[in-house]
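Working notes, beginning with the structure itself.
The values are calculated or read from the model by the stated rules, or taken from the named source; none is laboratory data. Note that the structure is predicted; figures quoted are calculated from it, not measured. Cβ atoms come from the backbone with ideal geometry, glycine included; neighbour counts cover every protein chain shown. Ligands, DNA and RNA are excluded from the accessible area calculation, which covers all protein heavy atoms including side chains. Shrake-Rupley method; radii C 1.70, N 1.55, O 1.52, S 1.80 Å.
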Amino acid sequence: MGYFDRELFLVFGKAPFFDLGYILGLKKTIFLSLAIISFSLSAQESTISLSGTVTDYENRPLEGVSITLKGTLEGAQTDKRGFYEIDVKVADTLVFSHVGMHTKQIAIEDHIDRLNVQLFINVQELDEVQVKKRRVKTQKDLLAEYPTNKNLIKTSRGILDKDRTSFSMRIVDGDQILPTGNDFLTSLRSHFPNMVVHRDTTPPRVYLWNPGSINNESPPPAAIFDVDGIIYEQTPTWLIPSEIDRIAVMKRNGAFKYGPQGAGGVIIINTKEKTRIDELDVERVYNNRGLVDSLTKESNKPTRYTPKKFDFIEKYEEAKSRQKAWTIFNEDKENHLDSPVYFFETSRYFLKRWQDETNAIAILEMAKQSFADNVAVRKAIAYFLEEMGQYGLALQHYLDILKLRSSAAQSNRDVANAQNEVGDYTKALLRYARYEKAIVLFDSIAFDPFGADLLISVETNNILRQRRKELDISENQINKELEVATTRVLLEWNLDDFEFEIQLTDPEDLFVLWNNYDKSTPEMEMAQKKGYSSKQFFLDDSLEGDWKLNLNYRYEENKVPAVLKVTTFLDYGLPTQKSESKVFRLYDLQSSFHLATIDTSGKKISF
């Protein structure tokens with residue numbers, strides 16, 4: 001029995017969720033079964049009172065803007081101040097429209113109570129030749145085509161064309177769903193032989209692959225349902241076959257659009273009544289998509305990140321040499337021993353102005369001595385070191401943080417990730433496994449691989465993917481359900497009370513919002529209890545082009561500033577995987593700016 005097997009034997013008495021290589025020593029290779037367990041987040045059906053203001057490109061309030069729930073006649077209008085208020089639910093899509101302005105659609109992906117929107121001028125190009133040019137079809141075009149194009153399906157994430165998606169999806173016409181058996185599932189199953197319906201519960205659970213080979217303690221996640229844009233975690237058996245217009249089944253890579261909630265796949269149902277309502281407002285003509293003039297394009301660019309400049313840096317900028325700057329630091333540092341900002345900014349100064357990584361690291365080491373037990377400061381220092389590529393030094397900080405917060409999921413994850421970065425993937429796998437075992441033995445909150453603990457599941461699986469040859473594991477021992485896309489964005493932050501909202505805009509100018517401060521959702525509540533301070537996003541591989549990541553944040557005055565690390569992975573899970581990180585020092589207590597643009601077509605990242 002080798003070192004790694006002996007270590008596993010000491011950690012586990014029986015196989016955990018991460019069954020690493022028959023841990024009782026029956027094999028000397030490592031393999032991850034990652035048995036899929038049920039995803040237990042409750043359905044997000046509660047009504048949210050959402051309000052905000054709508055402005056034009058000069059930030060002037062717009063009166064009379066129509067705000068409607070997509071696919072319904074429900075809505076509101078803005079008043080003279082541009083203010084509106086409307087009741088929504090998670091997974092609803094709001095449509096903002098105004099004469100002379102581009103219509104904007106925003107999907108509500110999380111519980112938020114404030115949403116400010118900016119609309120821009122719609123300059124129509126009337127040249128008939130332009131109208132006939134081939135172009136990408138808009139959602140309005142697809143909605144107009146829907147009744148006659150049987151390859152289209154309407155989802156809470158927009159209308160999808162089966163022929164243009166990068167993943168496999170099958171659509172069944174409602175006429176083929178016959179009124180037989182207990183409900184529509186009986187007929188649907190004849191079109192999808194691998195689908196399994198468990199009727200031991202009410203309503204029944206649906207699995208898009210046979211779960212029989214997995215033990216009852218760790219069943220795979222059941223499929224969820226997207227009915228006319230509303231997400232249901234329970235099977236909508238109240239639907240009768242004659243009401244169904246068409247059904248699509250989305251598995252594997254396609255279901256990642258729904259996040260961890262879609263780990264078991266998604267069954268999408270469009271009803272005939274909803275289709276009739278949609279047809280009332282659709283004019284079936286090939287309308288020209290207006291072109292935005294250069295002024296509007298320029299005003300549409302969000303504010304870029306600019307680091308705050310402090311007065312104490314001015315004396316350094318007068319230095320004519322690196323040696324003179326270092327002398328200034330040694331003379332001045334005693335006046336700032338209680339200021340982490342001083343250490344952060346002087347370290348940055350030596351790194352950027354003089355390309356002096358040695359002194360930049362030495363200053364961060366001094367900060368470590370002054371703030372040895374301050375987790376927020378130590379995390380920030382680790383982020384700066386990782387940005388410099390100093391993963392070994394960052395690991396030492398994460399190990400110290402683990403001693404201070406041994407039960408926090410983030411502390412265990414950070415150590416494992418840093419160990420993997422320095423090439424010690426066996427210790428990384430052990431750390432992930434130890435955390436899971438500790439949760440099972442000592443914590444009342446279960447390990448949830450497709451919920452709050454999805455980050456650890458994804459990163460463990462990725463180590464196995466990248467190290468498959470060294471570990472001598474086969475392809476079928478990699479969990480394909482965790483490989484949802486090849487572009488991954490990871491956010492990590494150092495302060496517990498740092499509150500922010502992320503706006504992620506896709507190449508079609510549709511965007512979703514996510515925040516870390518609404519603890520009313522099961523995901524955020526569990527993440528907070530487990531001690532996570534990170535969030536990952538996967539970008540849809542089928543939408544190539546520029547994805548934009550924007551930030552709006554706030555936090556209470558604190559001696560320790562907020563520091564946010566953004567890491568973007570391209571070709572995630574592939575042999576060509578690469579990543580790039582940037583650390584943002586957020587010294588203002590409240591601000592908004594552009595974080596990054598990810599070009600998934602050209603494989604480029606710009607911060």
Would it be correct to say that D509 is under 16 Å from the mean Cα position of the chain (by Cα) and not β-branched (V, I, T)?
-> no
Looking at E283, is it modelled with pLDDT under 70, over 30 Å from F538 (Cα atoms) and either open to solvent by 40 Å² or more (accessible area, probe 1.4 Å) or not in a helix (DSSP H, G or I) (or both)?
-> yes
Does I159 meet the test of being at pLDDT 85 or above, under 26 Å from the mean Cα position of the chain (by Cα) and over 26 Å from F500 (Cα atoms)?
-> yes
Taking the stretch 583-600 and keeping residues of a type outside the set (S, T, N, Q), under 17 Å from the mean Cα position of the chain (by Cα) and either crowded, with 17+ Cβ neighbours inside 10 Å or outside any strand (DSSP E or B) (or both) leaves H594, L595, A596, I598
Residues of the stretch 163-189 being modelled with pLDDT under 90, surrounded by fewer than 17 Cβ atoms within 10 Å (Cβ to Cβ) and closer than 30 Å to A485 by Cα, which ones?
-> D163, R164, S166, S168, R170, R189
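Per-residue answers, yes or no, for (1) more than 25 Å from the chain's Cα centre (by Cα); (2) closer than 24 Å to R378 by Cβ; (3) of a type in the set (G, A, S):
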| residue | (1), (2), (3) |
| --- | --- |
| S407 | no, yes, yes |
| R413 | no, yes, no |
| E421 | no, yes, no |
| D424 | yes, yes, no |
| A428 | no, yes, yes |
| G451 | no, no, yes |
Do we have E85 as in contact with a Lys or Arg (Cβ under 6 Å, 6 or more places away or on another chain) and either assigned to a loop (DSSP other than H, G, I, E, B) or acidic (D, E) (or both) here?
-> no
Of the residues in the stretch 238-261, those that are open to solvent by 40 Å² or more (accessible area, probe 1.4 Å) and either of a type in the set (A, V, I, L, M, F, W, C) or at pLDDT 90 or above (or both) come to W238, I240, S242, E243
With respect to the numbered conditions (1) modelled with pLDDT under 90; (2) under 29 Å from K582 (Cα atoms); (3) touching a helix residue (DSSP H, G or I) at 6+ places or on another chain (Cβ under 7 Å), which one is the sole condition not fulfilled by W514?
-> (3)
Can you name every residue in the stretch 157-187 that is closer than 23 Å to K257 by Cα and free of Cβ contacts under 8 Å to residues at least 60 places away in the same chain?
-> I159, D161, D163
For residues that are touching a helix residue (DSSP H, G or I) at 6+ places or on another chain (Cβ under 6 Å) and not aliphatic (A, V, I, L, M), scanning just the stretch 458-474, find the one that is farthest from S407 (Cα to Cα).
-> R467
Filter the stretch 310-349 for residues that are assigned to a helix (DSSP H, G or I) and among the hydroxyl-bearing types (S, T, Y); which is most open to solvent (accessible area, probe 1.4 Å)?
-> T327
Going through the stretch 371-400 one residue at a time, which ones are part of a helix (DSSP H, G or I), open to solvent by 30 Å² or more (accessible area, probe 1.4 Å) and of a type in the set (D, E)?
-> E387, D400
